[in-house]
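Notes follow once the structure below has been shown.
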Amino acid sequence: MIEVKSEHEIELMREAGRITGLALTAVGAAIRPGIATKTLDDIAREVISKHNAFPSFLGYNNFPAAICVCVNEQLIHGAPGKRVLREGDIVSVDCGAKFEGFNGDSSCTWPVGRVSGDALRLIEVTRRCFYLAAEQVRPGARLSEVSRAIQTHAEQNGYNVVRRWTGHGVGRNLHEDPEVPCFVSPGRGPKLLAGMTLAIEPMVCAGGGEVKYASDRSTVVTCDGKLCAHYEHTVLVTETGFEILTAREDDESWSICPTRGAREAKGGVP
């Protein structure tokens with residue numbers, strides 16, 4: 001069942017989203033060659049705790065950390081540990097914060113030091129897939145319009161989207177209805193209503209879109225070993241369009257678009 005949030009619940013989700021964004025900002029600022037992924041997890045935990053929230057991922061399906069950290073061909077659900085980031089890697093960090101019973105959920109892929117032009121292009125296309133998808137969010141729109149925007153932009157740039165995993169509703173539970181695919185599935189999907197909250201998360205592969213579990217049975221990786229990128233925000237359907245609840249000041253897409261507010265966007269994709 002798809003939940004429409006009350007005004008009070010939306011305010012709690014705004015705070016959960018703000019804290020999630022602060023944690024990701026701190027993690028992103030620390031990413032460099034030589035840093036251990038466990039250190040990134042420590043940073044996220046400290047920020048979330050400082051703001052009287054709890055890491056949404058910690059203990060979720062027995063996950064042992066506050067963030068998921070995935071490097072290069074790893075897509076989602078990677079547990080941080082002793083691995084050290086190297087020059088030329090790309091790293092995806094997925095983070096969630098739970099505040100007074102409601103969750104924020106967001107992810108971003110960063111370059112580690114100097115990376116190839118191909119890697120930078122993959123990161124940028126994935127990021128833009130999100131904003132093109134978010135532009136479709138408004139009351140009365142069909143969910144398929146969001147999915148189509150992701151798939152179309154990725155494929156126009158020579159990439160493939162992941163079909164095995166999807167975005168999702170988010171709120172009191174980390175994963176709620178509806179599923180938010182990165183591809184157009186049969187049917188037009190549900191109509192969007194003001195008060196719905198969605199985790200829209202393009203997952204884009206430089207090679208084929210097929211993925212599998214790694215040997216740890218948790219981390220999802222590309223079957224062909226090629227690079228992949230992941231970008232996600234928690235989005236509220238407003239009466240007039242959409243609001244990004246996990247918006248970050250360090251996100252390039254906002255700094256290059258000064259006509260937008262820090263949170264609400266009603267038109268114009270960066």
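The values are calculated or read from the model by the stated rules, or taken from the named source; none is laboratory data. These figures come from a predicted structure and were not determined experimentally. Cβ sites come from the backbone with ideal geometry, for glycine too, and all protein chains shown count toward neighbours. SASA here: full protein model, heavy atoms, side chains in, ligands and nucleic acids out. Shrake-Rupley method; radii C 1.70, N 1.55, O 1.52, S 1.80 Å.
Assorted remarks:
- Test for residue 138: is it of a type in the set (Lys, Arg), within 18 Å of the chain's Cα centre (by Cα), over 18 Å from residue 69 (Cα atoms) and modelled with pLDDT of 95 or more: no
- Filtered by the rule that a residue be touching a helix residue (DSSP H, G or I) at 6+ places or on another chain (Cβ under 7 Å) and either hydroxyl-bearing (Ser, Thr, Tyr) or not in a strand (DSSP E or B) (or both), region 196-239 gives 197, 202, 206, 227, 231, 234.
- Candidate set: region 176-187, residues that are touching a residue at least 12 places away in the same chain (Cβ under 8 Å) and part of a loop (DSSP other than H, G, I, E, B); chosen: the one least open to solvent (accessible area, probe 1.4 Å): 182
- Cβ-Cβ distances below 8 Å connect the following pairs, each with a first residue in region 122-137 that is small (Gly, Ala, Ser), a second residue that is in a helix (DSSP H, G or I), and a separation of six or more residues or different chains: 133/146; 133/147; 133/149; 133/150; 134/146.
- Within region 194-220, residues that are within 30 Å of residue 138 (Cβ to Cβ) and at pLDDT 95 or above reach partners that are among the aliphatic types (A, V, I, L, M) and open to solvent by 20 Å² or more (accessible area, probe 1.4 Å) with beta carbons closer than 8 Å, at six or more positions or on different chains, in the pairs 194/4; 195/4; 196/2; 196/4; 205/227.
- Residues (open to solvent by 50 Å² or more (accessible area, probe 1.4 Å) and either in a helix (DSSP H, G or I) or closer than 12 Å to residue 200 by Cα (or both)) located in region 128-147: 128, 136
- Restricting attention to region 234-253, the residues that are open to solvent by less than 70 Å² (accessible area, probe 1.4 Å) and touching a Lys or Arg at 6+ places or on another chain (Cβ under 9 Å) total 12.
- If you go through region 84-100 and keep only what is among the charged types (D, E, K, R) and either farther than 21 Å from residue 34 by Cβ or touching a strand residue (DSSP E or B) at 6+ places or on another chain (Cβ under 7 Å) (or both), you end up with 89, 94, 98, 100.
- Counting only strands (runs of 3 or more DSSP E) that fall entirely inside region 22-114 and contain at least 1 residues that are under 22 Å from residue 128 (Cα atoms) and either without any contact (Cβ under 8 Å) to a residue 12 or more places away in the chain or open to solvent by 40 Å² or more (accessible area, probe 1.4 Å) (or both), the qualifying elements are 102-111.
- Lone qualifier among 96, 59, 21, 81 - being farther than 22 Å from residue 119 by Cα and touching a His at 6+ places or on another chain (Cβ under 9 Å): 21
- The residues on offer are 53, 36, 16, and the sole one that is at pLDDT 95 or above, within 21 Å of residue 234 (Cα to Cα), among the small types (Gly, Ala, Ser) and over 16 Å from the mean Cα position of the chain (by Cα) is 53.
- Residue 190, sole failed condition from (1) in contact (Cβ under 8 Å) with a residue 60 or more places away in the chain; (2) more than 27 Å from residue 78 (Cα to Cα); (3) open to solvent by less than 30 Å² (accessible area, probe 1.4 Å): (3)
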